[in-house]
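To start, the structure itself, in structure tokens.
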Amino acid sequence: MKARVYTDTSVLGGCEDPEFRDATQELVAAFVAGEMIMVLSELTLRELEDAPEPVRRLVSSVPADHLENLPRSAETEELAAAYIEDIALAASMAADALHIAQATVARVDVLVSWNFKHIVNLRRIHAYNAVNLKRGYPLLEIRTPREVLENE
């Protein structure tokens, strides 16, 4: 079974950052090759609308059968609100809460991000997962792209 990897906007934007470029490109190459399934939310696609062309091109390089799109739902909205209510994130970080909720509700294998302040942050990961468990959802794995690449 191929891993379903929720990919947030920061990962795709990583192709523009010298620190993250190589790992971002390797991850996208794994999606293109069909080694993993790239999972994108409606939110991610909307955030990419104003991104530079090289960033948008990454998504279009992934074949449709290696890509899964997640619609926004009332369930994800409610879970995102719960993260904010339980102080896992501030209300100003509602988009990040929605990324976490989308990945959780879709029961992906892992969420990847370069957002170390609000997403790939141990204290916050524990807070998200506490909310998930309290509401009957499974734990969510949150990692950087480097951590999910086989050669790292």
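Arrange the following residues from fewest to most other Cβ atoms within 10 Å of their Cβ: His126, His118, His99, His66.
Details: His126 11, His118 19, His99 28, His66 16.
Ascending Cβ contact count within 10 Å gives the list His126, His66, His118, His99.
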Item to complete: Could you please tell me the mean projected area of the C-alpha convex hull for segment 24-79, averaged over all directions and given in square nanometres to one decimal?
Response: 4.4 nm²
Discussion item. Over segment 3-148, what portion of Cα pair distances is larger than 24 Å, expressed as a whole percent?
Written reply: 25 percent
Item to complete: Convert each backbone phi in segment 2-8 into a coupling constant with the Karplus relation 6.51 cos²θ - 1.76 cosθ + 1.60 (shift: θ = phi - 60°), then list the ³J(HN,Hα) values in order as whole Hz, x for Gly and Pro.
Response: 7, 5, 8, 10, 5, 10, 7
Worksheet item: Binned at 5 Å from 0, what are the whole-percent values of the Cα-Cα distance distribution for segment 65-152, short to long?
Response: 3, 14, 27, 27, 17, 8, 3, 1
Fill in: Sequence-separation-based contact order of segment 55-114, relative, with Cα cut under 8 Å and 6+ spacing, percent
30 percent
Worksheet item: Between Ala82, Ala101, Ala90, which gets the highest mean-square fluctuation from a Gaussian network model of the chain, Cα cutoff 10 Å?
Response: Ala90
Fill in: Only Lys, Arg (+1) and Asp, Glu (-1) charged, at Cβ; the chain dipole about Cα centre in debye
360 debye
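No value in this document is a laboratory result; all are computed from the given coordinates. Keep in mind that this is a model prediction, so the values were computed, not measured. Every residue, glycine among them, receives a Cβ derived from its backbone with ideal geometry; neighbour counts consider all protein chains shown.
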